[in-house]
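See structure below.
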Amino acid sequence: MDLDTKRVVITGGGSGLGLATAHAVRSAGGLPVVFDLEPGTEFPGHRVDVTDREAVEAAVETVAADLGGIDAVVAAAGIDIPGDLDEVTAAQWEKVLAVNLLGTVHLARAALPHLRLTHGRVVTVASTLAFKGAGGATAYCASKWGVRGFSQALAGETAGAVGVTNLVPGGMNTRFFDGRSERFMPQDDSKLNDPARVADAIVFALGQPAGVEVRELFIAHELEDSWP
């Protein structure tokens with residue numbers, strides 16, 4: 001899949017799926033720009049907290065000015081603070097929603113005027129838990145169900161002008177699970193997907209020809225048991 005120098009902003013691009021996506025975009029001929037609290041030095045990047053709407057807007061405008069436009073954005077920034085509802089503080093619960101859902105909205109909103117000019121694309125990242133809730137993950141499930149609903153609504157609003165793909169990945173072998181108690185760790189690490197394979201799916205969505213959109217893309221390890 002050839003992205004032909006497409007300019008792609010990736011939130012959460014300092015690690016995990018976001019970093020894998022930056023590599024995949026560059027390998028496909030695109031120009032990745034990373035937004036992250038720790039963007040690293042491997043790719044052009046900006047230190048951005050996705051929960052800060054004004055910071056996201058400013059960074060998007062800077063990228064558009066520097067590169068002469070934006071062709072796609074990938075909202076890969078995401079966190080989880082697992083625990084039962086009465087164990088997770090209100091501030092922690094709201095932080096998960098702020099990063100996962102509002103961070104996605106902030107990026108899409110800021111980029112939309114630029115994407116309209118290029119007939120560009122938005123890729124959002126939900127989860128298998130956007131289909132089936134799980135105990136100990138009320139905040140994460142709420143945020144990812146929200147991302148999926150937002151993506152469907154945005155696709156309807158922008159049909160014919162901006163493409164929207166909602167990516168639904170199963171568990172991935174990233175730092176996402178670092179520091180968790182045993183209760184919230186994957187029971188079998190062998191069922192975690194390589195984020196590079198998921199990133200390839202994002203490039204597939206971004207590389208579709210004019211008039212063709214991948215609206216929802218579910219990708220998981222062949223033994224993934226959280227779907228259906």
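Every number here is computed from the coordinates shown, using simple stated rules; none is lab data. Please read these numbers as outputs of a predicted model, since none were measured by experiment. Cβ: placed from backbone, ideal geometry, glycine included. Neighbour counts: every protein chain shown.
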How large is the Kirkwood hydrodynamic radius of the chain, in angstrom, based on all distinct alpha carbon pairs?
17.4 Å
Rounded to 10°, Cα long-axis angle of helix 16-27 versus longest principal axis of the chain:
30 degrees
Show which lysines lie in cross-link reach of LYS132 when reach means a straight Cα distance below 24 angstrom and same-chain residues fewer than eight apart are skipped.
LYS95, LYS144, LYS191
For LYS6, the aspartates and glutamates lying under 14 Å Cα to Cα, once residues fewer than eight places off in the same chain are dropped, come out as ASP66, ASP71
Could you work out how far helix 103-118 tilts from the main Cα principal axis of the chain, as a 0 to 90 degree angle to the nearest 10?
20 degrees
Rounding to the nearest 10 and keeping the result within 0 to 90°, find how far the Cα-based axis of helix 138-158 lies from the longest principal axis of the chain.
30 degrees
Net charge (Lys, Arg +1; Asp, Glu -1) of residues whose beta-carbon lies under 14 Å from that of VAL214, VAL214 excluded, is -1
If packing is taken as the average number of other Cβ atoms within 10 Å across a peptide's residues, how do 15-21, 72-78, 215-221 rank, most packed first?
72-78, 15-21, 215-221
Let me have the relative contact order for the chain, percent, based on Cα pairs under 8 Å that are six or more residues apart.
20 percent
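Round to the nearest 0.05 the FRET efficiency obtained for GLU42 and ASP86 when R0 = 41 Å and r is the Cβ-Cβ distance.
Values: r = 41 Å, r/R0 = 1.01.
The computed FRET efficiency comes out at 0.50.
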Putting +1 on Lys and Arg Cβ atoms and -1 on Asp and Glu Cβ atoms, find which of ASN193, VAL203, GLY156 reaches farthest to the positive end of the dipole of the range 7-219.
GLY156
